[in-house]
1. Averaged over every viewing direction, what's the projected area of the C-alpha convex hull for the range 100-257? Give it in nm², one decimal, please.
2. By a straight-distance test (C-alpha under 20 Å), which aspartates and glutamates pair with residue 72 as possible cross-link partners, with residues fewer than eight away in the same chain excluded?
3. Across the range 213-230, in residue order, what do the Karplus-derived ³J(HN,Hα) couplings come to in whole Hz, using 6.51 cos²θ - 1.76 cosθ + 1.60 with θ = phi - 60° and x for Gly and Pro?
4. Taking the number of other C-beta atoms within 10 Å as the exposure measure, put 207, 73, 175 in order starting with the fewest.
5. Take every Cα pair under 8 Å in the chain that's 6+ residues apart, average their separations, divide by the length, and report that relative contact order as a whole percent.
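Every number here is computed from the coordinates shown, using simple stated rules; none is lab data. Predicted model, so just to flag it, every value in this text is computed and none were measured. In this analysis, Cβ positions are derived from the backbone assuming ideal geometry, glycine residues included, and neighbour counts consider all displayed protein chains.
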Amino acid sequence: MTTQTGQPGGTPPEGAPSTPPKTSNWAAPVARLEVGTIPTNALNLNVAGRRLAGPVQGFGQLWQKTYRVALKDADVTPEAVIRTWKEHFGEFWPKGNRFYGPLTSLEPGEVAVLNLAMPGGMTLSTGVLVIYADDESFAFMTPEGHQFAAWITFSSYRDDPAAVIQVQALMRASDPLYELSMPIVGHRMEDRFWVATLQALAARFGDPGATVDMQRVCVDRRRQWRYAGNIRENAAIRTTLYRLTHPRAWFRREGTG
């Protein structure tokens, strides 16, 4: 499977294999997210008790963004790529960003806490739910308050002779404030993040000079004003207020994962 974007328990979208995947590959529907044990140095806000919010529930213009790299100088199978990616997911992220997820591998239904580096030295605390996982792909869905209301799919497939690694996101800015930031910093930050991630993953497989191809398509230019109220759950605002009102958080040292 090369791309997979959909909601847990729902009908697989266009591009999914003709044979439906095993039920166990999909996360069970959840009303609200629950967070398991995470390191004490992780900033855990805006995840526990939140509902999921995919592109349907977002405010801004709808974008499909694809980042793809071919491992031309590496002899590796798509299955090996995905296995390593799931087992060491946060290790490939750019410096300053933290992924607090399972210790072994990503499985459907698991929740991860994210601490993301933002402009001005700020940290955004948010999370994701693993909604799908198999041997060649896995997918996340975002909670309320995340900067994007999104489905994000991570996959690998064979394009002879190379294995190709791909990140594909179907996303809207969650609320009007995030939407305002998209043309200024939002798109550029997102692009740099996934390009750096794929370059680090390619380097792990012995192809440090691999070039990442990017594609950005605006699927729907309309803004969904009925979801403007999502700003009440804005994780950036809530994280900033937490930092300002909790002096002990000023001296918090982030993990080095």
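1. Values: hull surface 45.4 nm².
If you wrap the Cα atoms of the range 100-257 in a convex hull and average its projections, you get 11.4 nm².
2. Within the straight-line cut-off, residue 72 pairs with 136, 159, 160, 207, 213.
3. 8, 10, 9, 10, 10, 7, 7, 8, 7, 6, 9, 9, 5, 5, 10, 4, x, 4
4. Arranged by neighbour count, lowest to highest, 207, 73, 175 become 73, 207, 175.
5. Working: 575 pairs, mean separation 72.5, N = 257.
The value is 28 percent.
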